[in-house]
1. Return a yes/no flag: does the range 98-106 have any residue that is of a type in the set (S, T, N, Q) and buried (at least 23 other Cβ atoms within 10 Å of the Cβ).
2. Can you list the helices (runs of 4 or more DSSP H) found entirely within the range 421-502 that contain at least 1 residues being in contact with a Ser or Thr (Cβ under 8 Å, 6 or more places away or on another chain)?
3. What is the residue count in the range 78-98 for residues that are under 24 Å from Ser573 (Cα atoms), touching a Gly at 6+ places or on another chain (Cβ under 8 Å) and not aliphatic (A, V, I, L, M)?
4. Would you confirm, using the coordinates I've provided, whether Ala281 is surrounded by fewer than 21 Cβ atoms within 10 Å (Cβ to Cβ) and either touching a Gly at 6+ places or on another chain (Cβ under 6 Å) or farther than 21 Å from Glu29 by Cα (or both)?
5. Looking only at the range 584-617, which residues are among the basic types (Lys, Arg) and in contact (Cβ under 8 Å) with a residue 60 or more places away in the chain?
6. Among the residues of the range 604-626, write down those that are in contact with a strand residue (DSSP E or B) (Cβ under 7 Å, 6 or more places away or on another chain) and closer than 20 Å to Gly337 by Cβ.
7. Counting only residues that are in a strand (DSSP E or B) and surrounded by fewer than 20 Cβ atoms within 10 Å (Cβ to Cβ), how many does the range 581-616 have?
8. Restricting the search to the range 228-251, which residues are touching a residue at least 60 places away in the same chain (Cβ under 8 Å) and among the charged types (D, E, K, R)?
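The values are calculated or read from the model by the stated rules, or taken from the named source; none is laboratory data. Small disclaimer: the values here were computed from a predicted structure and weren't measured. Backbone-built Cβ (ideal geometry, glycine too); neighbour counts: all protein chains shown.
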Amino acid sequence: MSEAIIYPARDRTVEPGQTRDFAAELNAEQAKAATHGDGPLLIIAGAGTGKTRTLVYRVAHLIDRGVPADRILLLTFTRRAAQEMLARAERLVGGNSRRVHGGTFHATAHRLLRKYGPSAGLSKDFTIMDQGDSTDLMQLSRAQLGYASMGKRFPKKETLQYVYSRHINTGFSVEDIVRDDYGQFVEYLEDFTKIFADYTKRKQERNLVDYDDLLLFWALMLEASPELRDRIGGLYDHVLVDEYQDTNTLQARILKGMCVRHSNITVVGDDAQSIYSFRGANFRNILDFPKQFAGATTVTLEQNYRSTKPILDVTNTLISRAAERFTKNLRTEREGGEQPWLVCARDEQQQTRFVVDRILELHEEGTPLREIAVLFRAGYMSADLEIELTNRKIPFEKWGGLKFLEAAHVKDVLAFLRIIENPRDEVSWYRLLLLLPGIGDATARAAIDSMASAAWQSGAFGRFSPPPRARAAHGALVSLLETLRSGQTPEDAQVALEIANVRRLYDDILRERYDKPEPRLADLDQLQVIAAGYPDRATFLSALALEPPQASQDLAGGSKEDEDCLVLSTAHSSKGKEWDAVFLIWAVDGWFPSARCLNSDEGTEEERRLMYVALTRARNHLLVTYPLNAYSTRRSSDYSLDQLSRFMDKGVRDKMQRVALGSGDSPAVNVDTAPPAAQVLDLRALLRSKFGATS
């Protein structure tokens, strides 16, 4: 492909909108939150209550009352969320809002560490590892210490990385995490510590920082150095945090440290949507906010603008059973609408046929496919549905799966750039060496050891003497690295050219490794085009590590909004989204809630909140389905009788339209008034057969 040219952006001037009347543009609860003065503020924002609008107006109000925009810090969980809020604020108060510091926790930590890290002993030119790289480095420590060749089963690298990350983010001891999650490995507790010590040492020696380090180092600068705490915390007069229920213990420590000099912190969240404990999120952060920040004001947003009243009746009832929560009862002015359906199917196949038939019916009535979503507890639960959608030629996209930067070919190309940026990046060296013909594990490790002994000097790899069968590959790589190192200065935006040089070597390797290389080559074309928009290699690599795109379209800022296709999504991935019609399938005990979460009260309560999140995504139509039986080895049995999810108790069911499926799988009649059906099952006989009785 030809070399990309840079088209410079023009200066933007955006005038503020007309003077705002908060009382007219916001409801009373939103206005109270947006115009709050100084001091800690907790905004409990129920699903669909306009939390983003409230937070945007909060930013606008602070700027209106004279707070300098660059003294405001807005923390979100995605870069896109921050950009959307600041763009909306810009329409309210003009271009001045662009000076607000907005971004994710990790991106903000990265920016602060680049500036203040050297004062805390951290080299300014560190390289950020993504989770995959962190796991690979953990494996190097595991192997170096001799655990890879143990006769007895020893924790895999993914397990080690999970325990390490959870320890850093939650503050739980390694011993407690291993005992709770991996009881079979308790005998190796001392070995966990040894590997983590070596992993930490390797990161230091190779100038690497993982995701957890970004937050930990930020917290430590605030806690261990009064001077740094004053300098960093003194940057901002107001701190605002979105999705506070998703913060972990480490992030709570950071916020406390940032607000030592003042208590001007605004957090927005919904305790009923706290569903990420597996990522380390701490449900107690939002519940205990009034205790952590004395004198906090709490404002609850209860006016729902998304769902019809019948849908809210169901979701309010479901979440009212939660053991611990902030009391709220969502209300709406959207009268009318049908009751949510509770659909009983014979088995998975009948459930699938009903869902597809009803989707087509809604589509024929005028609902675009992109405004319909099918949600489920775990990705594998949609397998049968995906087959039927394909057979019926109904376009769909499934949220989740392999992310763009986790694709091997993309990580391969980035590895070349990373070793130019940081010659001590052992993980990237090992990855790219194994790509080359004639170089295996032993040669790769010998080359890395040789470079380490030479203090990772730029010419160390060229002086390494490989075995005869690897000499050609070694020479090609040495030549490529010399070309990359002798390139023009970073200010000339040569990242795309560097990728082009890498591909002169790598594209042939890719064609050899993959039977269908075209889609992967297209991904690299996209990567190369986007790289041209970054000022230097370090900025490009940091941006990809901090905000990894899901697919090449995301990297390019593209969208599927113009394509009319159905959405399949896990309940977790649906958070923050909404559709006209939502199907929740497999509402069965052991499936939703997941069986593995039922061994603790906390796990069960989080499953309840997760179902609440799924159900509150619907605007006009909500359909919950459950099969009576399943034939599936996933349940460790060829056949099982299913029970409706425990969260669908009588109070919830009473607010739903019960629907049975007729022989043609079309919606039939309310099961509560249906005539008795012919006997198709002998439950007593099935029960007797479990214990060997036949009569």
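1. There is no residue in the range 98-106 that is of a type in the set (S, T, N, Q) and buried (at least 23 other Cβ atoms within 10 Å of the Cβ).
2. 426-433, 460-463, 471-485
3. Count: 2.
4. no
5. Once the filter is applied, which keeps residues that are among the basic types (Lys, Arg) and in contact (Cβ under 8 Å) with a residue 60 or more places away in the chain, the range 584-617 yields Arg608, Arg609, Arg617.
6. Passing the criteria: Ala614, Leu615, Arg617, Ala618, Arg619, Asn620, His621, Leu622, Leu623, Val624, Thr625.
7. Adding up the residues that qualify gives 2.
8. Hits for the range 228-251 are Arg231, Asp237, Asp242, Glu243, Asp246.
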